[in-house]
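Since the structure comes first, as structure tokens, the remarks are kept for the end.
Rule-based calculations on the coordinates, nothing more; no lab input. Every value quoted in this text rests on a predicted model; they were computed, and no experiment measured them. Positions of Cβ are backbone-derived with ideal geometry, glycine not excepted, and every protein chain shown enters the neighbour counts.
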Amino acid sequence: MRKSLRINHHPLLGEMDKKVISFTYNGEKLQGLEGEPIAVALLANHIRILRRHEESGSARGLYCGIGHCMECRVELLGKGQVRACLTPLKEGMEIREGSRLPNAITGRVDS
Amino acid sequence: MSEVQQTDLLIVGAGPAGLSAAATISADRDFRVMVIDEFPEPGGRLLGQFHEERNHSWWIGKIVAADLIIQNTLAGVMIQCGVSVYGLELLPDGWRVLTSKGDIRTKYLLLATGAAEVPMPISGWTLPGVMSIGAAQVMANVHQVKPGERGYIVGVNVLSLAIAKELVVAGIEIEGIALPPDDLFAMEETNPVAAIELLTRLSDAAPAPWMRWGGKLAQKMKLSRLIASCFPKKGVKVWDLPLQLRTALVSIQGVDQVESVIVADVTRSGEIIEGSQREIEVDFVAIAGGLYPLAELAALAGCPFLYVSELGGNIPVHNERLKTTLPNLYVAGNITGVEGAQVAMAQGRLAAHSISYDAGWFACEEEPKLLDAIAEVKEVRRSAMIQFHPEIDSARKRIYELFEHWM
Ligand SMILES: Cc1cc2nc3c(=O)[nH]c(=O)nc-3n(C[C@H](O)[C@H](O)[C@H](O)COP(=O)(O)OP(=O)(O)OC[C@H]3O[C@@H](n4cnc5c(N)ncnc54)[C@H](O)[C@@H]3O)c2cc1C
């Protein structure tokens, strides 16, 4: 087991007071805190790869953390592509790596 | 939310500027005020900030935000989170605002969208585990999850030092704070001399005593070159931070995520010294390229802009009362130029008085409040702990002059 990345006793900010819930990522069952952004719950589980680049296939993850850069797109069952840094985690969410957006220039439509 | 919502004042952005404006105006008048924000909770960038004040007490942004939210709740302001604004349209009697949850019609519109970070395309920067310095701050301080166990910071500026300090407080190891490589196009602080010049302007917020007392002197006597030459290659500890002004982060390595960085020594003008490259294991890298005003919505609305480097970028033209050149459209906070949260709060209060004044009720009663609010912004700016740019006053005057010229 790797050391958790959660900061449990922050010297100035205290504790996070949130309920532990379950969700899945690429089919794997994981735990996170209710209401924290999906990207945060994944990071706390040491998961950084959120999607693959449309053309090169290289791994991409969270970059700005506040909704500006659009790098952290993941696929949320029932919702489609969402920004993982802004979307609050809920019990039972089924999340997958972001799918590839179509390319209007090359004409590629697959995902 | 399919039917169109109606309000008298819509504020986009629930950061310190937007929340202060809402609390001020609704505390004063019977007037429908709505605040929307795309982040899941209100507070904006306040939520991630804390710093030590001159009297050694801690200023904690989360607490300031909680207080503003209570004021708003008591005043009956509606705050809606998780709503993104993507379009604006001028109507004969106000604005139509297009959001991810439907349209909103409002008479007055205040844009308080804050700032965003300038990225730096260093080799390897798209690897998962590389993030902006602000993202590292948000992970550690807002969500209380470490961005990683051990990281490197690239970019030496006010924000990178302040956040590095916060990361250390949270128990995260910082291996070094280094310069970006000098072949990176058009970055301001890529060489040791420029970085020291920047640091010596920080006065009170300077991270080391020698900078605080030496700062003004060094600036006056142009000592930056000398300091850059004497700066030890292995760096110095300031605020317990490993500040490496003679080191550049050359590239970030890893297969599917960050595994290490390559750093190298640089000459005082920033050229890499061949043979000094070395690899250091880390699991995250934070890029600190500085902040710029997030003003896309003002551009969509049709505001004219002026590029002002001292304020961080392109600024929608506005006057000292925070009115733009378009009808019923106001701006407050970092969208008007990058400064700290206390200035944003004072600007929010000023925007509220400006809108009340323009709404036309009790103008004779409003005018002195408006003038007081203008004076207060200046006073807060003057005494701010963290100054992002020098020469802010004269830069702002240029914008106000352009406003007069435009109108
Ligand atoms: C990453 C980062 C870290 C910072 N850290 C510090 C620090 O440590 N110390 C310091 O003094 N200053 C810091 N600053 C500067 C900071 O901008 C100010 O301190 C202050 O928060 C500015 O207040 P504001 O109200 O103008 O904007 P913000 O606090 O940024 O609030 C703006 C709000 O608008 C929302 N928003 C933006 N666009 C839209 C849209 N289209 N639709 C809906 N909502 C939208 C955002 O979600 C955000 O909540 C930081 C800035 C950034 C970007």
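Annotations for the structure displayed:
- Toward the positive end of the charge dipole of region B:1-70, with +1 on the Cβ of Lys and Arg and -1 on the Cβ of Asp and Glu, the farthest Cα among B:56, B:33, B:5 is that of B:56.
- In plain terms, the bigger the Kirkwood radius, the slower the diffusion; for region B:6-95, with that radius from Cα pairs, at 25 °C and 0.890 mPa s, Stokes-Einstein puts D at 175 µm²/s.
- Contour excess over end-to-end distance, with Cα ends at residue B:149 and residue B:41 and 0.36 nm allotted per residue: 36.2 nm
- Measuring against 21 Å, Cα to Cα, the residue pairs A:3/A:90; A:29/B:62; B:62/B:107; B:323/B:369 contain A:3/A:90; A:29/B:62; B:62/B:107 as the ones spanning a longer distance.
- Restricting the GluC sites (Glu not before Pro) of region B:66-162 to loop positions (DSSP other than H, G, I, E, B) with no more than 15 neighbouring Cβ atoms within 10 Å leaves B:149.
- The H on the amide N of residue B:266, modeled in the peptide plane, is under 5 Å from the matching H of B:247, B:248, B:273, each at least 5 residues off or on a different chain.
- With 5 Å bins from 0: P(r) over region A:16-96, alpha-carbon pairs, percent: 3, 16, 28, 27, 16, 7, 2, 1, 0
- The charge dipole of region B:264-397, taken about its Cα centre with unit charges on the Cβ of Lys, Arg, Asp and Glu (plus for the first two, minus for the last two), comes to roughly 460 debye.
- Pair residue A:81, residue B:27: separation of 7 Å Cα→Cβ label points (nm): 4.3
- In plain terms, chain B is cut at each of the chymotrypsin sites (Phe, Trp or Tyr not before Pro) found in a DSSP loop with at most 13 other Cβ atoms within 10 Å, and the longest leftover piece is B:1-184.
- Annotation for region B:367-389 versus region B:136-170: alpha-carbon center distance of 29 Å.
- Enclosed volume per residue, in Å³, of the convex hull spanned by Cα atoms of chain B: 146
- Given charges at beta-carbon only (K, R positive; D, E negative), |dipole| of the protein assembly as shown in Debye: 660
- Equivalent-ellipsoid semi-axes for the protein assembly as shown (Cα gyration tensor, √(5λ), whole Å, largest first): 36, 31, 21.
- Charge context of residue B:12, other residues only, Cβ under 10 angstrom, K/R +1, D/E -1: -2
- Restriction of the trypsin sites (Lys or Arg not before Pro) in region A:72-111 to DSSP coil positions whose beta-carbon has at most 12 other beta-carbons within 10 angstrom yields A:79.
- Normalising the Debye intensity of region B:70-136 to I(0), with uniform scatterers on Cα atoms only, and taking log10 at q = 0.13 Å⁻¹ returns -0.64.
- Per-residue ellipticity at 222 nm, computed for chain A from helices alone with -39500 (n - 2.57) per DSSP H run of at least four residues, works out to -1500 deg cm²/dmol.
- Reciprocal mean inverse distance between Cα atoms of region B:249-407 - Kirkwood radius, Å: 18.5
- A straight line joining the Cα centroids of region B:286-314 and region A:26-100 runs 28 Å.
- Residue B:75-residue B:391 FRET efficiency (beta carbon distance; Förster radius 25 Å; 0.05 resolution): 0.10
- Only helical runs count toward this figure. For chain B, summing -39,500 (n - 2.57) over DSSP H runs of n ≥ 4 and dividing by all residues gives -10000 deg cm²/dmol at 222 nm.
- Once both labels are positioned 7 Å from their Cα atoms along Cα-to-Cβ, the gap between residue A:9 and residue B:259 label points is 3.6 nm.
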